Amino acid sequence: MKTELVAFVQTLGFDLCRIAPADAPPHAAEFRAWLEEGRAGEMSWLDRNKERRTNPQAVLAGARSVVVLGMNYWQGSPNREPGVGPRGRIARYAWGDDYHEIIEKKLRAIDDWLRARGGSQRCYVDTGPVLERDFAALAGAGWHGKSTMLIHPKLGTWFFLAEVLTTLELAPDAPMPDHCGRCTRCIDACPTGAITAPRQLDARRCISYLTIELKGSIPLEFREAIGDRVYGCDACLDACPWNRFARASRETAFASREFVHGWALRDFLGLDDDGFRALFRKSPIKRLKRRGFLRNVCVALGNVGTRADLAALERAARDPEPLIAEHAAWRSSKSRAEKFSTPNSPLTPDS
């Protein structure tokens, strides 16, 4: 049955299918300690369901196996059109359609397949109470990198994870050895020092957390380090040498949308609520809503924008949404801009 399952999963477009026993995840104690130290920031749901996350039986009574699935989303190097003005960076996983919607449909097909063979299942992609990287490493879908990301020798770090908890007993796969060695490129690459030690992440410092999970004002101490990033951060992933083996995804829905590389940062500031919803329909970015995304755009424009972008920032500083207005005003004052004599000078003040 396991052989047939792996073959079926491949027809759905998954690149990995591995099995772990439905036991307590190996790093449950470390996860609880991480929560107690406050390193999850405002992600309070992690604490609310911590008991379920560390006990598969609390998620699915009688669970015997965890089917770990991986789907490659690598899209190759971006093609950027010249001359549109300073642009922002969006994490690669959000270049195309929302992976939740794409993968959830495939999980329903797997659930039907296993149900026909007598199993009861719970299926998750990113949102369920499962320590997914722990089970993935246990199943040999990769190893825990020093960035805390999962690394696969052929896919690198560019793949989504999903899990199917099932009452069926499937033969577990062996874990994969750690191949990071003495490399610390991911730690060295983090702009905010969020990777405080190998496999130790302080989410409160992570740019992905600051630009996606944090709902309020971005702390001043991190705004310059965010640079031109407007949704997530790939710094530690880009730095990983195992990504030299990455190959293009077979899933066309992950292909880059035009706004990812073709829009200038100031273009986004012209979006109203309806325009935002239309542009980011079926995109993971839609979860930020206009206020969160334009907050990020204002920070990025304050970092890499030029005098030509000043008018757009000043308009945003009068936005009815206080969160947008506050971040636009951060570097939009004329007194700062007047320090520069050329249109391409950055908005940042002199040292």
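Report yes if G128 is in contact with a strand residue (DSSP E or B) (Cβ under 6 Å, 6 or more places away or on another chain) and part of a loop (DSSP other than H, G, I, E, B), otherwise no. So G128 does not fit the description; no.
One residue alone among A63, A24 is under 26 Å from L114 (Cα atoms) and open to solvent by 60 Å² or more (accessible area, probe 1.4 Å), and that residue is A24. Would you confirm, using the coordinates I've provided, whether G41 is open to solvent by 20 Å² or more (accessible area, probe 1.4 Å), in a loop (DSSP other than H, G, I, E, B) and out of contact with any His (no Cβ under 8 Å at 6 or more places or on another chain)? Here the answer is yes, as G41 does meet what is asked.
Out of curiosity, is A235 closer than 20 Å to F31 by Cβ and either in contact with a helix residue (DSSP H, G or I) (Cβ under 6 Å, 6 or more places away or on another chain) or at pLDDT 95 or above (or both)?
no
For region 159-198, what are the residues that are among the polar types (S, T, N, Q), more than 20 Å from A40 (Cβ to Cβ) and either open to solvent by 30 Å² or more (accessible area, probe 1.4 Å) or assigned to a loop (DSSP other than H, G, I, E, B) (or both)?
T167, T184
Across region 298-312, the number of residues qualifying as touching a helix residue (DSSP H, G or I) at 6+ places or on another chain (Cβ under 7 Å), under 21 Å from C233 (Cβ atoms) and either part of a strand (DSSP E or B) or hydrophobic (A, V, I, L, M, F, W, C) (or both) comes to 4.
The set of residues in region 212-233 that are of a type outside the set (F, W, Y), touching a strand residue (DSSP E or B) at 6+ places or on another chain (Cβ under 9 Å) and open to solvent by less than 20 Å² (accessible area, probe 1.4 Å) comprises I212, G227, V230, G232.
May I ask you to say which residue of R247, R229 is modelled with pLDDT under 95 and of a type in the set (K, R)?
One residue alone meets the criteria, R247.
For region 299-311, the candidate set comprises residues that are open to solvent by less than 10 Å² (accessible area, probe 1.4 Å) and closer than 13 Å to D267 by Cβ; within that set, the residue that is farthest from the chain's Cα centre (by Cα) is D309.
Go through the residues of region 247-270 one by one and say whether even a single one is without any contact (Cβ under 8 Å) to a residue 40 or more places away in the chain, part of a loop (DSSP other than H, G, I, E, B) and either touching a helix residue (DSSP H, G or I) at 6+ places or on another chain (Cβ under 6 Å) or at negative phi (or both). Within region 247-270, not a single residue is without any contact (Cβ under 8 Å) to a residue 40 or more places away in the chain, part of a loop (DSSP other than H, G, I, E, B) and either touching a helix residue (DSSP H, G or I) at 6+ places or on another chain (Cβ under 6 Å) or at negative phi (or both).
Taking the criterion of being surrounded by fewer than 16 Cβ atoms within 10 Å (Cβ to Cβ), modelled with pLDDT of 95 or more and aliphatic (A, V, I, L, M), the only residue of region 82-110 that qualifies is A109.
Would you check if L237 is of a type in the set (A, V, I, L, M), touching a strand residue (DSSP E or B) at 6+ places or on another chain (Cβ under 8 Å), touching a residue at least 40 places away in the same chain (Cβ under 8 Å) and open to solvent by 30 Å² or more (accessible area, probe 1.4 Å)?
It is false that L237 is of a type in the set (A, V, I, L, M), touching a strand residue (DSSP E or B) at 6+ places or on another chain (Cβ under 8 Å), touching a residue at least 40 places away in the same chain (Cβ under 8 Å) and open to solvent by 30 Å² or more (accessible area, probe 1.4 Å).
From the list R336, R290, R315, R295, the one residue that fits, being in a helix (DSSP H, G or I), at pLDDT below 70 and of a type outside the set (S, T, N, Q), is R336.
Output yes when any residue across region 8-19 is surrounded by 16 or more Cβ atoms within 10 Å (Cβ to Cβ), at pLDDT 95 or above and among the charged types (D, E, K, R), and no when none is. Yes: region 8-19 contains one or more residues that are surrounded by 16 or more Cβ atoms within 10 Å (Cβ to Cβ), at pLDDT 95 or above and among the charged types (D, E, K, R). Of the residues that sit in region 199-211 and are in contact with a strand residue (DSSP E or B) (Cβ under 7 Å, 6 or more places away or on another chain) and closer than 23 Å to R182 by Cβ, which one is least open to solvent (accessible area, probe 1.4 Å)? Filtering first and then ranking leaves D202.
The values are calculated or read from the model by the stated rules, or taken from the named source; none is laboratory data. Here the structure is a predicted model, which is why all the values come from computation and not from measurement. Every residue, glycine as well, gets a Cβ built from its backbone with ideal geometry; the counts of neighbours run over all protein chains shown. Accessible surface is based on the protein model in full, side chains and every heavy atom, while ligands, DNA and RNA are left aside. Shrake-Rupley method; radii C 1.70, N 1.55, O 1.52, S 1.80 Å.
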